[in-house]
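The values are calculated or read from the model by the stated rules, or taken from the named source; none is laboratory data. Please read all numbers here as calculations on a predicted model, not as lab measurements. Heads up, the Cβs are rebuilt from the backbone with ideal geometry, glycines too, and the neighbour counts pull from every protein chain shown. Note: areas computed on protein heavy atoms with side chains; ligands, DNA, RNA excluded. Shrake-Rupley method; radii C 1.70, N 1.55, O 1.52, S 1.80 Å.
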Amino acid sequence: VPALIGMKHEELEKRKDEPTWFGPTYREMQIAMSEVYAKPLLGKDVFGRIAVTHLKNHLSPGRVMVISDCGFVDEMIPIIEWINHRNCLIVQLYREGCDFLNDSRSYVDYNGVTVQELYNKHDLEGFRAQVVRADERKMPR
């Protein structure tokens, strides 16, 4: 979508609820690209399969990867099948003023994968520390 509009993702993300010069908002265009084009044509798990391809090319052994924006079980399945459910941790993040109202995503879980709830009142570094502690509790090294 950013290439179509001719702007960087970071800039569009700051104004995601404002109409673009096309009319729809950036958020509306992202949802349409996903729900109207990609998933019907390529399958509901397409973004999970893309993630696995990326992980295979970029994840070093022993490293932890955080996927911050998965709200559909179908997208998790290829990742869980590739990594193995014992090596996965689902972190459900709660933050005051943030919820899934007016959103097609929701909190997800998957049979056999540990779920931990985090209540975040911190900046990105504080969140990162919470995730590391959650991972250490799930999978001691």
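Of the residues that sit in segment 54-73 and are of a type outside the set (Lys, Arg), open to solvent by 80 Å² or more (accessible area, probe 1.4 Å) and more than 21 Å from Gly112 (Cα to Cα), which one is farthest from the chain's Cα centre (by Cα)?
Pro61
Go through segment 90-110 residue by residue and tally those that are open to solvent by less than 80 Å² (accessible area, probe 1.4 Å), within 21 Å of Arg133 (Cα to Cα) and within 13 Å of the chain's Cα centre (by Cα).
5
Only one residue in Val46, Val113 is modelled with pLDDT of 80 or more, open to solvent by less than 40 Å² (accessible area, probe 1.4 Å), farther than 20 Å from Val1 by Cβ and in contact with a helix residue (DSSP H, G or I) (Cβ under 8 Å, 6 or more places away or on another chain). Which one?
Going through Val46, Val113 in turn, the sole match is Val113.
Restricting to segment 1-11, and then to whatever is at pLDDT 80 or above and under 21 Å from Ala38 (Cα atoms), can you tell me which residue is surrounded by the most Cβ atoms within 10 Å (Cβ to Cβ)?
Among them, the one singled out is His9.
Of all residues in segment 1-14, how many are under 24 Å from Cys70 (Cβ atoms), free of Cβ contacts under 8 Å to residues at least 24 places away in the same chain and either part of a loop (DSSP other than H, G, I, E, B) or of a type in the set (Gly, Ala, Ser) (or both)?
Final tally of qualifying residues: 2.
If I go through segment 74-89 residue by residue, how many of them are open to solvent by less than 70 Å² (accessible area, probe 1.4 Å) and over 11 Å from the mean Cα position of the chain (by Cα)?
Of the residues in segment 74-89, 10 are open to solvent by less than 70 Å² (accessible area, probe 1.4 Å) and over 11 Å from the mean Cα position of the chain (by Cα).
Suppose we keep only residues that are without any contact (Cβ under 8 Å) to a residue 24 or more places away in the chain and either in contact with a Phe, Trp or Tyr (Cβ under 9 Å, 6 or more places away or on another chain) or open to solvent by less than 50 Å² (accessible area, probe 1.4 Å) (or both) within segment 27-38. Which one would you say is farthest from Met7 (Cα to Cα)?
Ala38
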